[in-house]
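Each reported figure results from applying straightforward, stated rules to the coordinates on display, with no laboratory input. Keep in mind that this is a model prediction, so the values were computed, not measured. Cβ placement follows ideal geometry from the backbone for every residue including glycine, while neighbour counts extend to all protein chains displayed.
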Amino acid sequence: MGAAGALGLWALGGAGAAAWGWAGLPGARGALGELPPGEAAALRAACAGAGPTAAPFRRAASCRFGPAGRAPAPPLRPAERGWLLFGAVVLVLPRIVATFSLLALHTLVCVLCGWGLLGRWGPSTVAPASGSLASLLILWACGMRLAVERRGDAREPAAVVVSNHTSYLDIFVLTHLYFPGFVSKAAVADVPLIGTSAKAMGSVFVERTADTKRAGAGQKHGQGSVLQERIREVDGLMRADPAGPHKPVAVFAEGTTSNGEYVLPFKRGAFLAGVPVRPLVVIYEGGQVAAAWESMSALRHIFLLFSSFSRCTIRVIELPVIQPTSEERADPALFAERVRQAVAAAWDFKFSPSTLKEKREYEKVMKGEMRAIKQRRKARDGRGGKAGKAA
């Protein structure tokens with residue numbers, strides 16, 4: 001079979017999947033993970049009953065798929081199911097191939113730079129350019145359009161970029177703009193492709209439980225003095241050579257993701273060094289699937305995102321650099337709160353005192369309700385089987 005025949009079968013498969021969804025044939029709802037109306041209502045009730053502290057972690061109101069991405073209200077229309085099933089056949093595989101190919105190519109560039117095969121310009125110029133372009137193309141492949149608004153002087157040096165955190169896509173946004181060193185969990189260092197790139201960016205991998213004494217870029221550390229030293233080192237380089245190829249450290253100061261409608265309390269880690277900070281605001285507008293992946297698995301979120309034909313605009317607002325006062329250097333919590341206020345004021349964000357602790361409690365409620373739904377379904381199927389045998 002030639003390429004034309006394969007493409008024909010591929011298109012035919014997509015058309016068949018679309019017809020399956022449009023016709024509302026049995027199994028179409030289950031193929032997308034959509035719960036039946038009664039179970040979906042129970043899941044939405046559990047979500048609403050989790051209390052006000054769970055508000056930043058519920059699915060955004062703009063998301064069509066509801067809690068856990070499985071309880072849309074109202075239920076998906078046949079046309080919506082048809083388009084999603086069509087996209088699942090014709091879009092998901094090309095988007096996965098494109099994403100991993102771009103990550104693999106960028107990883108290869110980083111490896112060659114690490115071996116010194118691209119000369120002295122490799123780490124400072126080639127790798128950042130490769131990472132920036134690859135990130136932009138990955139966002140485009142995911143159906144994202146980037147719109148950047150700069151309200152400050154982009155040439156003003158800032159060793160730290162502090163951003164709100166909504167989605168794993170935020171990482172590609174910041175990589176495209178700055179190619180920064182991220183502050184990441186230690187486990188990220190061992191993730192294929194992503195870990196190699198993160199090391200090339202000079203990221204700091206923090207241990208959640210204990211500090212280590214290992215130093216140097218790409219090593220695993222605690223969140224204390226090592227991060228401060230890295231930030232102060234970058235700040236010194238930027239001040240000595242403002243036009244140099246020095247990359248900032250990027251910190252998601254909330255310490256976790258939210259649904260994009262709230263700003264959570266900022267942790268102090270990015271502000272302990274007492275150096276200027278560049279606040280960044282990332283907003284996701286439009287799209288059938290909200291970029292936040294609260295209360296659903298990453299695989300399910302990627303599947304829905306890659307299956308959708310709808311486009312999303314990522315609006316990025318780069319705020320002016322904020323200089324800490326003497327009082328804020330003495331008390332980093334004051335500096336963190338001022339930057340948080342600036343981020344919230346730049347967009348229509350709501351404040352929430354919730355943290356990772358409340359997020360885990362909410363996820364526990366949602367997982368518990370999903371287990372209860374499965375148990376009720378199993379009991380119902382069991383009763384149905386016994387009634388059939390009796391008949």
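Here are some notes:
- Residue order, fewest to most beta carbons within 10 Å, for ARG338, ARG120, ARG58: ARG120, ARG338, ARG58
- Extension gain, TYR168 to GLU229, is 19.3 nm, computed as 0.36 nm per intervening residue step minus the present C-alpha separation.
- Fraction of antiparallel bridges per DSSP, segment 92-351 only, in percent to nearest 5: 25
- The chain - percent relative contact order, Cα under 8 Å, separation 6 or more: 22
- Extension gain, ASP331 to GLU361, is 7.8 nm, computed as 0.36 nm per intervening residue step minus the present C-alpha separation.
- Labels on offer are (i) 131; (ii) 176; (iii) 308, and the one holding volume of the Cα convex hull per residue in Å³ computed from this structure is (ii).
- Note, ³J(HN,Hα) from phi for segment 315-325, Karplus 6.51, -1.76, 1.60, rounded to Hz, x at Gly and Pro: 8, 10, 10, 8, 7, x, 4, 9, 8, x, 7
- Label point at THR53 placed 7 Å out along Cα→Cβ; residues across segment 361-376 whose backbone nitrogen lies under 18 Å: 361-369
- Per-residue [θ]222 nm for the chain (sum of -39500 (n - 2.57) over DSSP H runs n ≥ 4, rounded to 500): -15500 deg cm²/dmol
- Checking the cross-link pairs LYS267/LYS364; LYS185/LYS367; LYS185/LYS364; LYS185/LYS357; LYS247/LYS359; LYS199/LYS357 against a 20 Å limit on the alpha carbon distance flags LYS267/LYS364; LYS185/LYS367; LYS185/LYS364; LYS247/LYS359; LYS199/LYS357 as lying beyond it.
- Relative contact order, whole percent, for segment 68-219 stands at 21, derived from Cα pairs under 8 Å and 6 or more residues apart.
- With contacts taken as Cα pairs under 8 Å and at least 6 residues apart, segment 1-137 reaches a relative contact order of 28 percent.
- Per-pair calculated FRET efficiency, R0 = 51 Å: LEU133 and ARG376 via Cβ, rounded to 0.05: 0.55
- Candidate membrane-span-like segments in the chain, meaning DSSP H helices with Cα atoms spread over at least 27 Å of their own axis and a Kyte-Doolittle mean of 1.0 or above, are 3-23, 92-114, with no membrane implied.
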